[in-house]
Structure formats: C-alpha cells, structure tokens
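First up is the structure itself, then whatever we jot down about it.
Every number in this text was worked out from the coordinates using simple rules, so none of it is lab data. The structure displayed is predicted, hence computed values, not measured ones. Cβ atoms come from the backbone with ideal geometry, glycine included; neighbour counts cover every protein chain shown.
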Amino acid sequence: MEIFIYLAIIFCTTYIGFGIADYYVKREKLYHELVIFGEKLKSDIGFLLLPIGEILRGGAQQFGSSLAELIEVSSRLLGEGKPLSEAELFERWQTRLLLHDEKLFICRFFSMLGRSDEKTQLENIENYCERFKQRESECQNERKRYSPMFRKLGFLSGLAICLFLL
Amino acid sequence: MLKDILPKEILDNLRYKLEDVCELRLRKDKNIVISVMGKYVDAGIRCLPTWIDEIVLRASRFSIYTVNEQLKAGFIAVKGGVRIGVCGEVVPDGQVIKTIKNITSLNIRNPREAIGCSDPVAERCFNGRLNSTLVISKPGAGKTTLIRDLCRSLSRKNLNVLVLDERGEISGEAEGRFQFDVGSSDVMLYCSKQFGFSFGVRAMRPDVIICDELKGEEDCGAVYEALSCGVCVVATIHSGGVEELMQKRSFKGIIESGAFKRYVLLSDEPRPGSIKAIFDEKLETIL
C-alpha cells in the first residue's frame, strides 16, 4: 500500500514538473506559429489581397490551440461587424501562456491588421514578425534552460518527499 | 450590400425602405440626406463622426489595403454593386496620391435593377445589326442600370457579351455571385478599361463589350482599338449632351470618326432612366 502512495506522489510531482516544462514549450511554439502566421499574412495580402476576415476564417485550423483561439476570437469579432480592437481582443483571448505585456503586444499586432494600405501593412507585419522571431529565440533559450530542469525537478522533488516520509 | 455597411443607428432610424433609397449622402456632423426616386430628402438623422470611419472600414471588409487603390481614385466599390464616393484629406506622395484620410463625406449609391428598361434602346441600336452605342447623361440618370439590362438582353440573343465591370457595379458581384441579372455575359471584374479591352478582344472573342463611364484619352484609345477590331462597344459617359461631349477634346475625334453608331441621351426627368433621344452616327435624331 505504501509503495502505491510513494509512486502516486512521484507521479504527481513529475506530472507537475512536466506541466511547467510544457509551459515553456508552448510559449516557444506560440511565437513560432506567430512567425508562420505572419508569413501567411504576407503572402495572402501581398499576392492575393485577401481581406483579413477571409484570411482569418480558414487560419485557425492550421495552428495550435492558443493562436487558433486568438484567430477565432478575431474572426468572430469581424463576423459581428466590429473592428479588431486591442482592448476587445485582450479581453476575449483567454491565454495563460503570456505575460500581460506580451499578450498586449500580440493583440496590438492583430488590431493593426487591415488598417492601412498594402505597402504599410506588409511593412508592419514584417516588423512584428521580426519581434516575434526575437521572442521565439528568447523562448527557445528559456525552454532549453528551464524545461528539462522542471522535468527533473518534478521527479526529484517527488523522490525527496518519499524519502522524507520514509 | 448596403445593410451590411451601415451603422445600426442609421438602419433603425431610416424612415424609408433601403430598396427605395438610391443614394445616401453622409457629411460629418450634418443631417444625412437621402435620394428617393431622384428626389433628395433630409433623413432627419445626424451623422456622427465615427459612423463615417465605421462605414469605410466595413466597406473595405476591415481591410483598407483591399480598397486603397480605389480610395486613391475617390471611391470604394462594395460587394453587391454599392459604390461609395469618398471625400476627405488627400495624402500626397510626390506626384501621386497615397490615400485619402480624415474622410468627411460619403456618397453611397445603391444600385437597382430595372428589367426591360433597355428594350427601346435594344430595338433601335441592336436590331438586325450591332451598332456601337454611347450612353450619355448627367450622373444619376440611370446609365449603369440601362447597360446592366443591356447585358442581360444582348447575352440572351446568343451574343458573346463581355462586361468590363471596373467597380463591380454592373454585375453587383458579391462573394463570387452576381446580384443582378446580366444573363450569360462574361464579366471581368475590377479591371481597368485599358486592360479589359486589350485582354477581352484577344482572349474572350466578344461580339459586344460593355463598360461604364469612359473618361480621358486612355479610355478613348482603348475603345478605339476595340472598335477597329470589329467589336461592338457599348459604353457610358458623363455629359449633358452630344454637343457638350464634342467640347471634350479626347472625345471629339471619336465622335467625328463615326466610331459610335448610336448615341443614347438619358435624363433623370421625369424619372431616372428616361430616354430623351437617340441619335445616329451623323447625330441625326432617330428617337
């Protein structure tokens, strides 16, 4: 019976450790997807001049849950006949992956879509993409540093609790 | 569609049915004026400054870049054939216009369909042989409505009709479908006349090319090219009459050459679309 309890403790702490590690993986993935989304926007706008609603409508399926949620929120807003506003996007997008400023920055990116002529729009997207690439590389470093650490820490802390109980 | 671009407040307070409204004129902080059956009336609704921006954003489907080329020319073509004339502050970029900002006035034109309105014209211009025809009138007298109906009636005569729909007004294109009956015409959307005429003659082998609102020497040149290739051209132009048109340098030559075989003069009296006269190439009245 005791062995089962010890195993359960180790399982729980390891699970938490993997959960925290996953947070860093997902952050990196989100920024990576934002870069890809930016490239998609550039081609859809620069080549086909597609309206933003049309680009967003089919975009959600191509990306992971967090970015897909923001794309869906934006698409829904446009469908309601409302422009993409930073405040409204910030309120409606329920993500836990980002800090306040990071979330605000991404919402600002979405809110500037469709607001200017083609050339300015593409330049803006390019600038945001650069920032997303920077953040992606920072997140990659964070992930390399913290992700394995939290995984190990989760397992080791479970082991430590078990030893303490013994 | 008009209802998709107007703010809810306007739709709720408008005393007329949208289908009856030919034109809406919005000026910042002024009462909205609407045109019903060719008569302007005060709608009794004060236009809030935010409404104009809202309408422009909605008309562009929240993507200004899709309409900026049109905006530079002072209008926005909305899906369904609605056209918005725009007035505001021009942003220059050297010799060219970059965009129009701080928009203060909008003139929204609601297109309509009048099946059969072109029958008298078809009878005199396309009976037996195809005569290139120029439809002349002041703005708002029903030129586009007339040529729209001509598209329908000519294409039903097993003719290859190519429509150069520069602003989507003739066909009323929305989401890839035509809101108006243009028969089995081939429709080239949102293209310049220069491109449309040269492309059309080469690629689509049309019997008739129909286009709206000729202006300037470039358009004249394109029309002349098509006419010299043996294609029948039906076009419209803003002018008070043939004499007035002769004063336009770029059109004088084309009229004198007899390239157009018929001239249809439209009037908005007693109602838009009224045929005032039809002339032949010698400018002799035939109706």
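Take B:Gly176 and decide whether it is farther than 22 Å from B:Tyr263 by Cα and surrounded by fewer than 24 Cβ atoms within 10 Å (Cβ to Cβ).
Against the criterion (farther than 22 Å from B:Tyr263 by Cα and surrounded by fewer than 24 Cβ atoms within 10 Å (Cβ to Cβ)), B:Gly176 qualifies.
Here's the yes/no breakdown for (1) of a type in the set (Phe, Trp, Tyr); (2) surrounded by fewer than 21 Cβ atoms within 10 Å (Cβ to Cβ); (3) in a loop (DSSP other than H, G, I, E, B):
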| residue | (1), (2), (3) |
| --- | --- |
| B:Arg15 | no, yes, yes |
| B:Asp29 | no, yes, yes |
| B:Tyr40 | yes, yes, no |
| B:Thr50 | no, yes, no |
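With the requirement that a residue be among the polar types (S, T, N, Q) and either touching a residue at least 24 places away in the same chain (Cβ under 8 Å) or within 14 Å of another protein chain (Cβ to nearest Cβ) (or both), what does the stretch B:100-148 give you?
Once the filter is applied, which keeps residues that are among the polar types (S, T, N, Q) and either touching a residue at least 24 places away in the same chain (Cβ under 8 Å) or within 14 Å of another protein chain (Cβ to nearest Cβ) (or both), the stretch B:100-148 yields B:Thr104, B:Ser105, B:Asn107, B:Asn110, B:Ser118, B:Asn131, B:Ser132, B:Thr133, B:Ser137, B:Thr144, B:Thr145.
Which ones in the stretch B:74-84 are under 20 Å from B:Ile147 (Cβ atoms), of a type in the set (Gly, Ala, Ser) and either in a loop (DSSP other than H, G, I, E, B) or free of Cβ contacts under 8 Å to residues at least 60 places away in the same chain (or both)?
Selection gives B:Gly80, B:Gly81.
Can you pull out every residue in the stretch A:48-70 that is away from every other protein chain (no Cβ under 14 Å) and among the hydrophobic types (A, V, I, L, M, F, W, C)?
Within the stretch A:48-70, A:Ala60, A:Phe63, A:Leu67, A:Ala68, A:Leu70 qualify.
Tell me, which strands (runs of 3 or more DSSP E) wholly within the stretch B:205-268 include 2 or more residues that are closer than 19 Å to B:Lys193 by Cα?
Hits in the stretch B:205-268: B:208-211, B:232-238.
Quick one: is B:Ile5 touching a residue at least 60 places away in the same chain (Cβ under 8 Å), on the phi < 0 side of the Ramachandran plot and within 13 Å of chain A (Cβ to nearest Cβ)?
yes
Would you mind stating whether B:Thr66 is in a helix (DSSP H, G or I), farther than 25 Å from B:Glu175 by Cβ and within 14 Å of chain A (Cβ to nearest Cβ)?
So B:Thr66 does not fit the description; no.
Collect the residues in the stretch A:95-145 that are under 16 Å from A:Gly38 (Cα atoms), in contact (Cβ under 8 Å) with a residue 24 or more places away in the chain and among the β-branched types (Val, Ile, Thr), keeping them in residue-number order.
A:Ile106, A:Ile125
Could you pull out the residue among B:Ile97, B:Ile32, B:Ile52 that is on the phi < 0 side of the Ramachandran plot, free of Cβ contacts under 8 Å to residues at least 40 places away in the same chain, in contact with a strand residue (DSSP E or B) (Cβ under 8 Å, 6 or more places away or on another chain) and within 14 Å of another protein chain (Cβ to nearest Cβ)?
Answer to the selection: B:Ile97.
Collect the residues in the stretch A:71-117 that are hydroxyl-bearing (Ser, Thr, Tyr), within 13 Å of another protein chain (Cβ to nearest Cβ) and surrounded by fewer than 18 Cβ atoms within 10 Å (Cβ to Cβ), keeping them in residue-number order.
Passing the criteria: A:Ser85, A:Ser116.
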